[in-house]
Structure formats: structure tokens, C-alpha cells
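Comments concern the structure below.
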Amino acid sequence: MIIDGRAVAQEVRDRVKREVEELVASSGPRPGLATILVGDDPASQIYIRNKHEKSREAGMVSFDHTLPGDTPQEEVADLIQQLNDDDSVHGILLQLPVPDHIDGDAMTGLIDPLKDVDGLTPVSIGRLVQGKPGMVPATPAGCMELLRAADTPLEGAEAVVIGRSQLVGKPVAALLLRANATVTQCHSRTRDLAAHCRRADIIVAAVGVPELVTGDMVKEGATVIDVGVNRTDDGLKGDVHFESVVEKARAITPVPGGVGQMTIAMLLQNALTAARMQAAVAGRA
Ligand code: NAP
């Protein structure tokens with residue numbers, strides 16, 4: 001089975017759109033998503049544009065804060081504080097990477113955890129590791145949604161996550177563990193990557209090395225989620241060698257058309273969750 005990320009992302013966006021209208025109809029807030037982009041990195045501009053377009057399509061209000069590349073860190077911090085205090089903003093997203101003179105981790109850490117739609121504040125990461133409800137980073141949440149869409153048994157499954165970044169590898173491993181998989185986390189110092197992969201029922205590759213995972217490393221019937229986005233002379237490639245792995249896998253995500261489609265959909269899901277949580281907190285106050 002080739003897992004169709006486009007179709008699954010569309011389903012998530014349709015569901016979010018329906019639930020936004022239900023929230024508003026029940027006197028809840030219309031979710032508001034604010035983005036902060038510092039500088040004029042072309043790739044980031046495209047991501048931000050897409051996020052605004054898709055959030056409006058889902059019935060949300062979007063607030064765009066684009067700041068010049070030389071904006072002092074204090075101004076970014078002040079803006080985050082203003083957005084934290086603004087009741088019409090339910091989600092705040094600081095587009096990474098930020099210019100060198102700005103400490104991206106420190107700025108992310110200023111975001112109110114209730115509005116942390118990227119799931120990258122220490123509070124959100126702590127709650128994820130503790131198995132408590134909270135914001136889950138969008139790309140890892142998308143990987144889990146794709147595993148579910150492919151009816152992948154998770155409980156007791158041997159899962160190998162390749163990569164240990166804060167953004168993808170670590171949260172994916174935490175989510176798989178929460179779903180009762182037995183998780184092995186591999187990285188650049190792992191001694192025999194192929195041996196780990198060969199016993200995996202589930203492989204999630206989040207490495208950034210084109211076509212690192214090949215058919216001979218994959219067990220018959222495994223489910224393979226390819227997070228990699230690598231621009232090569234031969235076009236866009238994942239971290240998985242699709243042609244050889246598709247012969248062995250029970251289900252596999254293509255690149256493009258797989259995980260990449262899910263990130264914005266799951267961000268919208270987080271913005272909706274954030275609006276609900278804030279409405280619940282306001283109701284208790
Ligand atoms: P990253 O921060 O560069 O982390 C890469 C990880 O891979 C590190 O943990 C590294 O190990 C490990 N690694 C590198 N070479 C390896 C090797 N030969 N064998 C085993 N492990 C190795 O990257 P990232 O942010 O997690 O992103 C990973 C990939 O996903 C990239 O291609 C990125 O473009 C893509 N991505 C896609 C989306 C999306 O589709 N929406 C979102 C985010 C990222 P060490 O820790 O030991 O260095």
C-alpha cells in the first residue's frame with residue numbers, strides 16, 4: 001500500500017473545518033493563528049503563505065507578522081508577549097530557522113504553552129514525554145496519523161526511528177512509545193543501522209540523507225514512514241529508497257505526497273485544540 005498523504009491531510013483539514021464551525025456554533029471562539037516570520041528566507045515565506053491559506057480555508061482567522069531580518073531579539077520577544085496576551089490569538093507559531101542574532105529556542109520558550117501550536121516549548125515537550133495531553137509537534141503528529149490511516153498495529157510493535165532531532169525524531173519516538181510500541185532510536189553514531197531496521201515492524205526515517213534506507217534493510221511486511229525531504233540533482237528524494245523498499249513494505253509513504261502533506265493539517269488541528277483549551281480555561285475563570 002502506498003499511503004496517500006494528500007488524501008489523509010485533506011481528511012484532517014475537512015474534519016478540522018467542520019469542528020471549527022461546531023465550536024463557533026456552540027458559542028466558542030473562532031480559532032486565531034498568528035505567525036511570526038523574521039527575515040525574507042524564500043522557503044519560509046512559502047511555508048508561511050501556505051499556513052495562512054490553509055488556516056483561512058479551515059475557517060480560522062490568521063494574523064501575519066513579518067519582521068525585517070535585522071529586528072532586535074527584544075522586539076520579537078515583545079511581539080510574542082503581545083500575542084500571548086491577545087485573546088483573539090489561540091495559536092502562535094515562530095517560523096524557524098530565525099536569523100543568527102536571535103535565539104530561536106529562547107524565543108520559542110516565551111510562547112504561552114496553551115498557544116504553542118508547534119509543540120516545541122519545554123512545557124509541551126515535557127507533557128508529551130510524560131504522556132499527558134498537550135500540543136504535539138505537527139510533523140510527528142502527521143506520522144502517527146499516517147500510521148493510523150494505514151491500519152498499522154502499534155501495540156507491541158518493534159518500531160525503529162532513525163533520527164533524534166527535537167523537531168521530528170524525539171517526538172515521533174515519544175508518540176510511538178505512548179502508543180505502546182517498543183521503540184529503538186537510531187542516529188549517526190548507531191553501530192549497525194541495517195540490523196536495527198531489519199527487525200522493525202515500523203520504520204520512521206527522519207534523517208536528511210537521500211535514500212539511506214534501502215530494500216535490503218527492510219523486513220517483509222514492515223510499514224515505512226519517510227519524513228526526509230532532500231533536494232538532489234535527480235529531484236526531491238526521501239530518506240528511503242522508494243523503488244527497492246516498496247517491494248518489501250506492507251505500506252510506505254512516497255516523497256513527495258506523504259508526510260510533507262501532513263504538517264500543515266496537523267498544525268490546524270493543534271490550533272483548534274488550542275482554541276478549545278483556552279475556551280475551557282476561560283470558562284473556569
Ligand atoms: P536533523 O535535525 O538534521 O536530524 C537528523 C538526524 O538524523 C540526527 O539525529 C542525526 O544523528 C541523524 N543522522 C544523520 N545521518 C545519519 C545516518 N547516516 N544514520 C543514522 N542517523 C543519521 O533533521 P530533522 O529536522 O529531524 O529532519 C530530518 C529530515 O526530515 C530532513 O530531510 C528534513 O528536511 C525532513 N523534514 C520534513 C518535514 C516535513 O515533511 N514536513 C518536517 C521536518 C523535517 P545525530 O543526532 O547523531 O546527529
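The values are calculated or read from the model by the stated rules, or taken from the named source; none is laboratory data. Keep in mind that this is a model prediction, so the values were computed, not measured. Counting neighbours? That spans all protein chains shown, and the Cβs are built from the backbone with ideal geometry, glycine included. Side chains are part of the model used for accessible areas, which takes the heavy atoms of the whole protein and leaves out ligands, DNA and RNA. Shrake-Rupley method; radii C 1.70, N 1.55, O 1.52, S 1.80 Å.
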Qualifying position, being among the aliphatic types (A, V, I, L, M), in contact with a strand residue (DSSP E or B) (Cβ under 8 Å, 6 or more places away or on another chain) and within 30 Å of residue 15 (Cα to Cα), among 48, 102: 48
Some residue of the stretch 244-258 being away from the ligand (no atom under 15 Å from the Cβ), assigned to a helix (DSSP H, G or I), open to solvent by 10 Å² or more (accessible area, probe 1.4 Å) and over 16 Å from residue 159 (Cβ atoms): yes
Criterion violated by residue 19 - all others in (1) in contact with a Pro (Cβ under 6 Å, 6 or more places away or on another chain); (2) surrounded by 15 or more Cβ atoms within 10 Å (Cβ to Cβ); (3) farther than 24 Å from residue 165 by Cβ satisfied: (1)
Filter result for the condition that a residue is of a type in the set (Lys, Arg), part of a strand (DSSP E or B) and either more than 19 Å from the chain's Cα centre (by Cα) or within 21 Å of residue 137 (Cβ to Cβ) (or both), over 231, 276: 231
Subset of the stretch 30-61 [open to solvent by 30 Å² or more (accessible area, probe 1.4 Å), under 16 Å from residue 275 (Cβ atoms) and among the polar types (S, T, N, Q)]: none
Check on residue 121, within 24 Å of residue 195 (Cα to Cα) and either surrounded by fewer than 16 Cβ atoms within 10 Å (Cβ to Cβ) or away from the ligand (no atom under 15 Å from the Cβ) (or both): no
Any strands (runs of 3 or more DSSP E) falling wholly within the stretch 10-125 and containing at least 1 residues that are on the phi > 0 side of the Ramachandran plot and without any contact (Cβ under 8 Å) to a residue 24 or more places away in the chain: none
